[in-house]
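The values are calculated or read from the model by the stated rules, or taken from the named source; none is laboratory data. What you are looking at is a predicted structure, and each value in this text was computed from that prediction instead of being measured. FYI the Cβ positions are ideal-geometry reconstructions off the backbone, even for glycines, and counts take in every protein chain you see. Just the protein is used for accessible areas: all its heavy atoms, side chains included, with ligands, DNA and RNA removed. Shrake-Rupley method; radii C 1.70, N 1.55, O 1.52, S 1.80 Å.
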Amino acid sequence: EIAKRRDCRDIKTFTIDPVDAKDFDDALSIRKLPSGLYEIGVHIADVSYYVLPDTDLDAEAYKRATSVYLPDRVNPMLPEKISNELCSLRPNEDKFTFSAIFQINDEAQVKQYWLGRTVIHSDRRFAYEEVQEIIDTKVGDHAEDILVLHSLAQKFRQARFKKGAINFSSQEVRFTLDENAKPIGITVKESKPAHQLIEEFMLLANKTVAENISKIQINKQPLPFPYRIHDQPDPEKLAPFVQYAKKYGHGFDASSPEKISASFNQLLEDAKGKPEQHVLEQLGIRTMAKAVYSTQNIGHYGLAFDFYCHFTSPIRRYPDLIVHRLLEDYINGATSVGKENLEKVCKHCSEMEKTASRAERDSIKYMQVKFLKNKIGNSFEGVVSGVTEWGLYVEIIENKCEGLVKVSSIKDDHYIYDEKKYALIGYRTKVSYQLGQKVKIKIQRADLERKQMDFILV
């Protein structure tokens, strides 16, 4: 098999993943060419070599469609023997990969690229924290190469935002568990340059594969392919958000899709560090359409890409495995794939992704309630994250746990819900509680069954 592949084993290659990761989907290789260009390889585990169509293994992977990551366990799409050993790009082992290999200049312009099957040998496994330290201190293992990759990634990133990509910063909640899987600590993970380094090269590979496929035509017909698409915002959903942003003095131009993305970025920049930042980000994300898989390509609005697909995580996502198979077929001139059937696969994968993210959200909520269960009576600083006629939702600042302050528990006045202002306003005192406002709360009750917490205002 090695003889049939492009051999990249003698090129410096490494993986960058979370410190507790077991399955390494992707690796980066880098070397400087005599032309002065950098050759950068994005190498993805070649799951399609091991998981063949019309096998029991493939049928089960399709049924699951995605791995599900819960705070205390992973429900993998593929057996762990495959995802953590056989396909995982572990250091100091030869591994089969599917690669996008780029020639890139100092200005982060791609001069040419190659797509195909390869064999690699990873020299080193990095955790994100180690890479972040190298970026910060400019010293460490492979520091020169990491700094080049970091510099190029930041240029790709700037170019994306310039073109209209929306810069929502995501915050992830991570739990520290004891030996009985009980949460004893919560940390909030922010996206740092080390994460962005990997993200930008994965985006580049995904975009390039989709663009490449879109150009191949048979009888003037584009080939069926599972694109990752993201629709433009729905004006009806956007209108209340625009009104709300204005209340905080943030202007918003919703006259065209381009103006909307520019306004979002301006608003996120202006709100940085202010009490309303998190709430505006949350509401902004909710006004957006959800990204899905489809054979009908309409582009990816949030990333500002005309062509996009998922190619970089076949260990944990079924659409990526399909992309690998089709890419291999199309590169070799094959054309036999039914569009209707492929659309059915896309719909199923989109549905399963939704189900998985619901399970992930619910399990995080469950763990947060479990974490606060023995902190009843304690007080915390929080931010009002939602307002309804029945009360205030408050998110604790230090651990992102959310609970409800029932309107009936606020005794100093009769409070009325003002929908337009996203606020509860005191009938007599005119005291108001609104989105983004800082408050102090005490934990009153934690209900594990219902995954709910009751707070009272202090």
Being more than 15 Å from the chain's Cα centre (by Cα), closer than 27 Å to Lys259 by Cα and not aliphatic (A, V, I, L, M): is that true of Lys182 here? no
Filtered residue count, the range 138-177, keeping only those that are open to solvent by 40 Å² or more (accessible area, probe 1.4 Å) and in contact with a strand residue (DSSP E or B) (Cβ under 9 Å, 6 or more places away or on another chain): 10
Kindly check whether there is at least one residue in the range 143-153 that is assigned to a helix (DSSP H, G or I) and more than 27 Å from Arg6 (Cβ to Cβ). yes
Scope the range 249-290; condition in contact with a Gly (Cβ under 7 Å, 6 or more places away or on another chain), farther than 24 Å from Asp231 by Cβ and open to solvent by 40 Å² or more (accessible area, probe 1.4 Å); matching residues: Pro275
Test Lys162 against the criterion of being touching a residue at least 40 places away in the same chain (Cβ under 8 Å) and not in a strand (DSSP E or B), and give yes or no. no
Residue list for the range 204-221, restricted to those being over 12 Å from Cys309 (Cα atoms) and touching a residue at least 40 places away in the same chain (Cβ under 8 Å): Ile216, Ile218
Consider Glu343 against the criteria (1) in contact with a Ser or Thr (Cβ under 7 Å, 6 or more places away or on another chain); (2) in a loop (DSSP other than H, G, I, E, B): it satisfies all of them except one. Which criterion is unmet? (2)
Could you please let me know if Ile135 is in contact with a His (Cβ under 8 Å, 6 or more places away or on another chain), open to solvent by less than 20 Å² (accessible area, probe 1.4 Å) and at negative phi? yes
So Ile184 passes all but one of these: (1) assigned to a strand (DSSP E or B); (2) open to solvent by less than 40 Å² (accessible area, probe 1.4 Å); (3) β-branched (Val, Ile, Thr). Which condition number does it fail? (2)
Residues that are of a type in the set (Ser, Thr, Tyr), within 24 Å of Pro183 (Cα to Cα) and open to solvent by 20 Å² or more (accessible area, probe 1.4 Å): which strands (runs of 3 or more DSSP E) entirely in the range 350-458 hold 2 or more of them? 379-388
Exactly one of Ser48, Ser29 is surrounded by 21 or more Cβ atoms within 10 Å (Cβ to Cβ) and part of a helix (DSSP H, G or I), and that residue is Ser48
Return only the number of the condition from (1) more than 14 Å from Gln437 (Cβ to Cβ); (2) polar (S, T, N, Q); (3) touching a helix residue (DSSP H, G or I) at 6+ places or on another chain (Cβ under 8 Å) that Ser409 does not satisfy. (3)
Residues of the range 297-337 being among the charged types (D, E, K, R) and in a helix (DSSP H, G or I), which ones? Asp320, Arg325, Glu328, Asp329
Considering every residue within the range 215-237, establish whether at least one is part of a helix (DSSP H, G or I), modelled with pLDDT under 95 and within 23 Å of Glu343 (Cβ to Cβ). yes
